[in-house]
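Take a look at the structure below.
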Amino acid sequence: MTAIDPRFDHRELLEEVARRAADFLAELPDRPVPADPRAVAGLAAWRGRPLPAGPSDPAETVREIDEAMRAATVASAGPRYFGFVHGGSLPAALATSWLAAAWDQNAFAYRSAPGAVHVEEVALAWCREILGLPAEAAATLTTGASVANFTALAAARHRVLARAGHDVERHGLFGAPAITVALSAESHPTVRKALGLLGLGRERVLELAVDAQGRIDAARLPAEVRGPLIVCAQAGNVNSGASDPFDALREWTSARAGWLHVDGAFGLWAQASPALRGQTRGVERADSWATDGHKWLNVPYDCGLAFVRDADALRAAMAFDAAYLPAAGEDVPREPYHYGVEASRRARGLEVFAALRSLGRQGVSDMVERCCAHARRFADGLRGAGCEVLNEVVLNQVVVAFGDARSTAEVIARVQAAGVCWCGPTHWRGRDAMRISVSCWATEEDDVERALDSILVCAGRRRARPPASVGSGAGSALGQGGIARAEGAS
Ligand SMILES: *Cc1c(COP(=O)(O)O)cnc(C)c1O
C-alpha cells in the first residue's frame with residue numbers, strides 16, 4: 001500500500017477494535033492488577049525503533065498496538081485498583097468517548113462545534129447542580145484539576161488585583177501590589193505549581209495551621225493579613241479525605257476582602273450525596289472550585305472542571321482576543337475559548353454529559369456513597385487484624401501503616417507483587433504508610449474482601465471474620481444500594 005485510502009472503510013477496523021476492547025474489559029476484573037513486566041519490557045525495546053518509511057494498513061498498526069500494549073496496561077480501570085485517586089470509566093462515558101473520537105469535534109468555539117458546545121453547557125449546568133454550586137458560576141472543562149486550579153486561581157489573581165487598581169492581564173505582575181496567598185501544608189502540590197505558573201510563587205505563601213486530619217484549623221487563623229488575599233482551601237485531603245472548614249474560611253476571607261478557592265479534585269463529589277454533604281459543609285460559599293471528572297465521576301482521561309462565581313473575572317483572565325474569529329451571534333450560548341486556557345480541544349464535556357445522563361442524581365450519589373462504604377470496610381478489616389489505620393475514614397481514603405517505615409514499604413511491595421490489588425505508598429503526618437483510595441464505579445464488596453485478604457496475607461496478619469454487615473459506625477446505611485453482596489469471599 002502506498003497511501004492510506006481517503007475512502008477507507010472504517011467499519012471492519014472499528015468492529016475489530018470493539019471486540020478487542022470488549023475482550024480487555026471482560027478480562028479486567030480477574031487479571032493481575034499491575035502491568036506484566038515482560039510486556040512492559042517488550043515496549044521498552046521499542047525505543048530506537050525506526051520511523052516507518054511509508055504508509056501501511058491501519059489494521060496492522062492497531063493490531064500491533066493492542067497486542068503489545070494490552071498486557072502492559074495497569075488495570076487501573078478495574079475494580080481493585082486503589083492507587084493514587086483514579087476512578088475507571090462508566091460504560092456510557094467510555095462508549096461516548098469513542099463516538100466523540102470519531103466525530104473529532106474541536107470544542108474551542110461555537111462555530112466549530114455548535115452541538116458539542118450545547119451538550120457541554122448542559123453537562124456543566126448538571127455538574128453545578130449536583131455539586132451544589134451557584135447557578136451563576138462560570139465553568140470550563142480542563143484536562144484535570146491541575147489546570148482547573150490554575151484556571152480558577154488566574155481568575156482570583158485578576159479580581160484581587162483589579163480591586164487594587166491593577167490590570168494583571170495587561171501589565172503582568174510588574175508594578176502590582178503583593179498578593180498574600182494563604183494555604184496549608186496539606187494543599188495539593190498542583191496548587192503550589194499553579195501559584196508558581198501564575199507568578200505568585202510556590203513558596204511565598206502564608207501557611208495556615210492544620211489539625212490532625214489535615215484540615216485547616218479555624219481556631220488558628222492569623223488575624224493580620226497584608227494586601228490582596230487569595231485563600232486556597234481543599235475539599236478532600238489526598239491522604240485523609242478530610243475537608244477544610246469552609247464556613248469559617250469564608251468569614252475569615254470575606255473579612256479581609258479576599259478570594260476563597262477550593263481544590264476539590266475528588267472530595268467535592270461528597271456534595272453529590274445528601275449523607276456526605278456534611279463533609280463539605282459551606283463549600284458552596286467559596287468563590288471558585290476545581291474538580292476532576294476523571295476521578296470520582298468515572299469518565300475517561302482526561303477531564304477536569306473549574307467553576308468561578310465571578311464570571312467576569314474568569315472571562316477577564318481567559319479572554320481570547322483574535323481579530324480573525326467571527327463575532328458571536330445571538331444564538332451562541334458561550335464561547336469556550338473565553339473561559340479556559342486552551343483554544344483547540346476535544347469536546348470532553350460529552351463524556352461528562354454521558355456519565356450524568358446514565359447515572360442520574362441518584363446514581364452519582366450511590367456511586368460516591370458505595371466507595372465510602374468500601375473504604376470503611378477496608379478500615380474495619382485492617383483494624384480488626386491489628387493494623388494501624390492512621391486517618392479518620394470520613395470519605396473514600398484510607399491510610400494504613402504496618403509498623404515502621406521499612407516494614408510498611410515491604411508490605412506495599414508484597415501487595416503490589418501479589419497483583420490482587422494495587423495500593424501505593426504515601427507519607428502522612430510524619431509516618432510512611434500505604435494509601436487506599438476507593439474511587440471506581442465498578443468496585444464491589446467482593447473486590448474489597450479479596451483485596452483485604454491479599455493485603456493481610458502480605459502483612460502477615462490473621463484475618464478477623466469479615467463483618468456481617470458493611471460500614472459499622474457513622475453512616476452505616478450507606479452503600480448497600482444496588483450492589484450484590486458477596487459474603488465470605490474467596
Ligand atoms: C488529583 C488531585 C489534584 C490534581 O488533579 P489532576 O487531575 O491530576 O490534575 C489536585 N488536588 C487534589 C486534592 C487531587 O487529589
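Every number here is computed from the coordinates shown, using simple stated rules; none is lab data. Keep in mind that what you see is a predicted model, and the values were worked out from it rather than measured. Don't worry about glycine lacking a Cβ; one is built from the backbone with ideal geometry, like all the others, and counts go over all protein chains shown.
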field: Label zone at residue 121, where the point sits 7 Å out along the Cα-to-Cβ direction: the stretch 307-338 residues whose backbone N lies under 16 Å
entry: 328-338
field: Over the chain: helical MRE at 222 nm, DSSP H runs n ≥ 4 each giving -39500 (n - 2.57), nearest 500
entry: -12000 deg cm²/dmol
Two-site FRET efficiency, residue 104 against residue 7, from Cβ-Cβ distance with R₀ of 22 Å, rounded to 0.05: 0.80
field: Estimated FRET transfer efficiency when R0 is 51 angstrom, pair residue 25-residue 185 (beta carbons, to 0.05)
entry: 0.80
task: Just check the stretch 229-294 against the gyration tensor rule for me: Cα atoms, a ≥ b ≥ c as the square roots of the eigenvalues, rounded for a/c under 1.5, and otherwise prolate or oblate depending on whether a/b exceeds b/c.
output: prolate
query: Which ³J(HN,Hα) values, rounded to whole Hz and listed in residue order, are derived for the stretch 181-196 from phi using the Karplus coefficients 6.51, -1.76 and 1.60 in 6.51 cos²θ - 1.76 cosθ + 1.60 with θ = phi - 60°, glycine and proline given as x?
result: 9, 9, 7, 10, 5, 8, 4, 5, x, 5, 5, 5, 4, 4, 4, x
task: For every other residue with a beta carbon closer than 13 angstrom to the beta carbon of residue 95, add +1 if it is Lys or Arg and -1 if Asp or Glu, then tell me the sum.
output: 0
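How would you order 49-56, 139-146 from highest to lowest mean count of nearby Cβ atoms within 10 Å? Mind showing how you got there, number by number?
Numbers: 49-56: 7.6, 139-146: 24.9.
Averaged packing, sorted descending, gives the order 139-146, 49-56.
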task: Take the alpha-carbon centre of the stretch 316-364, take the same for the stretch 72-135, and report the distance between them in whole Å.
output: 12 Å
- prompt: How many nm is it between the label spots at residue 429 and residue 45, if each spot is 7 Å from the Cα in line with the beta carbon?
  reply: 4.9 nm
field: P(r) of the stretch 52-176 over all Cα-Cα pairs, binned every 10 Å from zero, in whole percent
entry: 9, 22, 30, 23, 12, 4, 0
Whole-number D in µm²/s for the stretch 41-96 (Stokes-Einstein; Kirkwood sum over Cα pairs; 37 °C, 0.692 mPa s): 230 µm²/s
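For the chain, take the convex hull of the Cα atoms, compute a quarter of its surface area, and give me that in nm², please.
Values: hull surface 104.2 nm².
Seen from a random direction, the Cα hull of the chain projects 26.1 nm² on average.
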message: Given 37 °C and 0.692 mPa s, compute D for the stretch 166-230 with the Stokes-Einstein relation, Rh being the Kirkwood radius over Cα pairs; round to the nearest whole µm²/s.
response: 252 µm²/s
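In nm, what is the difference between 0.36 nm times the number of residues separating residue 409 and residue 14 and their Cα-Cα distance?
On the way: separation 395, 0.36 × 395 = 142.20 nm, distance 4.37 nm.
Net length gain for the segment: 137.8 nm.
If you keep only loop residues by DSSP, which trypsin sites (Lys or Arg not before Pro) in the stretch 231-293 have at most 15 other Cβ atoms within 10 Å of their Cβ? Provide the component values of the computation, followed by the final result.
Values: sites: 250, 256, 277, 281, 285; in loops: 256, 281.
Filter output for the stretch 231-293: 281.
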statement: Extend 7 Å from the Cα of residue 204 along its Cα-to-C-beta direction; within the stretch 250-294, residues with backbone N under 18 Å of that point are 259
field: Neighbourhood charge, 15 Å Cβ-Cβ cut-off, centred on residue 44 and excluding it, Lys, Arg +1 and Asp, Glu -1
entry: +2
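Could you state the per residue volume, in Å³, of the convex hull enclosing the Cα atoms of the stretch 155-201? Numbers along the way, then the final one.
Details: hull volume 3.5 nm³, N = 47.
Taking only Cα atoms, the stretch 155-201 has a hull volume of 75 Å³ per residue.
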- request: Report the normalised scattering of the stretch 313-352 as log10 I(q)/I(0) at q = 0.15, 0.23 Å⁻¹, calculated by the Debye formula with identical scatterers on the alpha carbons.
  value: -0.42, -0.93
- request: Let me know the Rg and Dmax you get for the stretch 318-386 when you use only its Cα atoms, in Å.
  value: 21.5, 67
- request: Collect residues whose amide H, placed 1.01 Å from N in the peptide plane, falls under 5 Å from the amide H of residue 105; neighbours closer than 5 in sequence don't count.
  value: 347
message: Within the chain, which is the longest segment that contains none of the chymotrypsin sites (Phe, Trp or Tyr not before Pro) sitting in a DSSP loop with at most 14 other Cβ atoms within 10 Å?
response: 325-490
task: Between residue 64 and residue 323, take the C-beta separation as r, use R0 = 56 Å, and let me know the FRET efficiency to the nearest 0.05.
output: 0.80
- line: For the stretch 38-46, in residue order, the Karplus 3J(HN,Hα) values (coefficients 6.51, -1.76, 1.60; θ = phi - 60°; whole Hz; Gly and Pro = x) are 5, 5, 5, 5, x, 6, 4, 6, 6
